[in-house]
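Student: Got a structure here, written out as structure tokens. Questions coming.
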Amino acid sequence: MSRRSLIGQTTSLFFHWLERCRSGLWSVAVICGSGLGLLADRAANKQTFRYQDIPNFPVSTVAGHEGCLVFGTIEDTSCVFMQGHFHLYEGYSLCQVTLPVRIFKLMGVESVLVTNASGGICPDFKVGDIMVIKDHINLPGFAGQHPLCGPNDERFGIRFPCMSDAYSKDLRRLALDVGSELGCSDFIREGVYCMVSGPNFETIAEARMLLILGCDSVGMSTVPEVTVAKHCGLRVLGLSLITNKVSLDYSREEKVNHEEVLQISKMRAEVLQKLVTKLISRCQQQSINTH
Ligand SMILES: O=P(O)(O)O[C@H]1O[C@H](CO)[C@@H](O)[C@H]1O
């Protein structure tokens, strides 16, 4: 089959799904961070689209990001999974980084579950901990790298959105409850995620500054997607897997690298998968109860 007809077929299939979504059949979007693409594995009736076959969609350029959009169901909940998301350091604009979130909104998605890998700043955190994101610090935003800069598209949201409750309190509580039901309380934390642009990992002086600023973990993603999701009225839950401890001490010999990040993500993906799967079905029940 020629590439052109393959793209044509994929595109029409994609629009077929979009139609279903518009009619209210899809409700949860899961954005999978580094090495966490297998969160989609438990979904049934899967249909997968490669980003490269979706017109105008960015493509993933980082190891551990498969670059596929997967539609499926978990119990009775319809879901769309992004196996891989986009980063400033890949050279994408924040408009491109957050494009999928606005597509989800147009599809009728109500809740977004964002996952990522991050470095632990809080001295109490251990590698393998799962941090429920309570709040974030948008460090690139302070320097004008913000996804909502530019003319405001009123169809999505207001010019000056409030971010004091970007992460749904109900979903955070639900995540802690589900974590405890699954016997994960020992390694489920809550904390503040800080976004840096990357692609380098932090210097020790930068890490110390982040600790003083009140950051519990640091990564190079998530904040733009969450900001745009909140702007357009989506409910957000963020789960950050602590894949390494950030060096705060000049005498520490260990050096972080992306391979180690992916290795820890792979090791913990099964636990996260259980958590996410249970959360999705409970999240749907919650949404039914509140409507
Ligand atoms: O935030 P995600 O994409 O999960 O991954 C984190 O891990 C990568 C660095 O190892 C960076 O992309 C950082 O942001």
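The values are calculated or read from the model by the stated rules, or taken from the named source; none is laboratory data. Since this is a predicted model, take the numbers as computed values, not measurements. Using ideal geometry, Cβ is built from the backbone for each residue, glycine included, and neighbour counts are taken over all protein chains shown. Only protein heavy atoms, including side chains, enter the accessible area calculation; ligands, DNA and RNA are left aside. Shrake-Rupley method; radii C 1.70, N 1.55, O 1.52, S 1.80 Å.
Student: Out of curiosity, is residue 141 closer than 23 Å to residue 59 by Cα and either among the small types (Gly, Ala, Ser) or exposed (fewer than 14 other Cβ atoms within 10 Å of the Cβ) (or both)?
Tutor: Spelling it out, it is not the case that residue 141 is closer than 23 Å to residue 59 by Cα and either among the small types (Gly, Ala, Ser) or exposed (fewer than 14 other Cβ atoms within 10 Å of the Cβ) (or both).
Student: Within the group 196, 228, which residue is out of contact with any Cys (no Cβ under 7 Å at 6 or more places or on another chain) and open to solvent by 10 Å² or more (accessible area, probe 1.4 Å)?
Tutor: 196
Student: Looking at (1) of a type in the set (A, V, I, L, M, F, W, C); (2) open to solvent by less than 10 Å² (accessible area, probe 1.4 Å); (3) within 15 Å of the ligand (Cβ to nearest atom), which is the only condition residue 264 fails?
Tutor: With respect to (1) of a type in the set (A, V, I, L, M, F, W, C); (2) open to solvent by less than 10 Å² (accessible area, probe 1.4 Å); (3) within 15 Å of the ligand (Cβ to nearest atom), residue 264 is out only on (2).
Student: Another question about this same structure. Look through segment 32-43, keep the residues that are within 16 Å of the ligand (Cβ to nearest atom) and not hydrophobic (A, V, I, L, M, F, W, C), and return whichever of them is surrounded by the fewest Cβ atoms within 10 Å (Cβ to Cβ).
Tutor: 37
Student: Show me the strands (runs of 3 or more DSSP E) found entirely inside segment 44-109 where at least 1 residues are open to solvent by 50 Å² or more (accessible area, probe 1.4 Å) and polar (S, T, N, Q).
Tutor: 44-50
Student: I need the full set of residues from segment 230-258 which are in contact (Cβ under 8 Å) with a residue 60 or more places away in the chain, more than 15 Å from the ligand (Cβ to nearest atom) and out of contact with any Phe, Trp or Tyr (no Cβ under 8 Å at 6 or more places or on another chain), in order please.
Tutor: If the condition is that a residue be in contact (Cβ under 8 Å) with a residue 60 or more places away in the chain, more than 15 Å from the ligand (Cβ to nearest atom) and out of contact with any Phe, Trp or Tyr (no Cβ under 8 Å at 6 or more places or on another chain), then 230, 233, 235, 248 are the ones that fit.
Student: Same structure, new question: Return a yes/no flag: does segment 149-156 have any residue that is away from the ligand (no atom under 14 Å from the Cβ) and open to solvent by less than 20 Å² (accessible area, probe 1.4 Å).
Tutor: No, because not a single residue in segment 149-156 is away from the ligand (no atom under 14 Å from the Cβ) and open to solvent by less than 20 Å² (accessible area, probe 1.4 Å).
Student: I'd like the full set of residues that are open to solvent by 20 Å² or more (accessible area, probe 1.4 Å) and assigned to a strand (DSSP E or B), limited to segment 119-137.
Tutor: 134, 135, 136, 137
Student: Does residue 221 meet the test of being assigned to a loop (DSSP other than H, G, I, E, B), open to solvent by less than 10 Å² (accessible area, probe 1.4 Å), touching a residue at least 12 places away in the same chain (Cβ under 8 Å) and among the hydroxyl-bearing types (Ser, Thr, Tyr)?
Tutor: yes
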